[in-house]
Amino acid sequence: MAKVLGVDADRLAQMLPPAGVGMKMEPIRLCGACYAESPCHKIEWQLKITQGCELHNLRLLSECPNCGARFKIPALWVNGCCHRCFLPFAEMVKYHKQIDLLNRNR
């Protein structure tokens, strides 16, 4: 697969989820703070074990906080905003709720 994609095999392995960790295909989730720093979808947002953004300590969003539209697949994120009301993903950070990832299992 690495040869077909033109990616080093080790790099490709780093892109895959850890062994035994399932993916959550729906809903599509994102961290507005991460998106503001680097406008792309991160695969770890879709892992079943992901509780939130560990970098920003924020709950992931699965819908636009302004209009309630569920996020489309990341391949359609051409403009980096909600497809319905056009609120930029980067501006959604002000709607995120803080979570305590360190104490989530208490």
Subject >> Residues of the range 38-85 classified as touching a Gly at 6+ places or on another chain (Cβ under 7 Å) and either among the aromatic types (F, W, Y) or touching a residue at least 40 places away in the same chain (Cβ under 8 Å) (or both), total >> reply: 3
Subject >> Complete set of residues in the range 40-61 that are under 12 Å from H96 (Cβ atoms) and of a type in the set (S, T, N, Q) >> reply: N57
Original post:
Looking at the range 46-56, is at least one residue surrounded by 14 or more Cβ atoms within 10 Å (Cβ to Cβ), aliphatic (A, V, I, L, M), farther than 16 Å from E91 by Cβ and out of contact with any Phe, Trp or Tyr (no Cβ under 7 Å at 6 or more places or on another chain)?
Top reply: yes
**OP:** State which residue is farthest from A75 (Cα to Cα) when the search covers only the range 12-27 and only residues that are touching a helix residue (DSSP H, G or I) at 6+ places or on another chain (Cβ under 8 Å) and part of a helix (DSSP H, G or I).
**Re:** L12
**OP:** Name every residue in the range 28-51 that is under 10 Å from the mean Cα position of the chain (by Cα) and in a loop (DSSP other than H, G, I, E, B), in order of residue number.
**Re:** I28, R29, C31, C40, H41, K42, T50
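Residues to consider are L47, L60; find the one that is in contact with a Ser or Thr (Cβ under 9 Å, 6 or more places away or on another chain), within 26 Å of L87 (Cβ to Cβ) and modelled with pLDDT of 80 or more. Before you say what the answer is, go through the steps one by one.
Numbers: L47 fails: in contact with a Ser or Thr (Cβ under 9 Å, 6 or more places away or on another chain).
When all the criteria are applied, what remains is L60.
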Original post:
Can you name the condition, by its number, that S38 falls short on among (1) surrounded by 13 or more Cβ atoms within 10 Å (Cβ to Cβ); (2) modelled with pLDDT of 90 or more?
Top reply: (1)
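The values are calculated or read from the model by the stated rules, or taken from the named source; none is laboratory data. The model shown is predicted, which means the values in this text are computed figures rather than measured ones. All Cβ positions, even for glycine, are placed from backbone atoms using ideal geometry, and neighbour counts span all protein chains on display.
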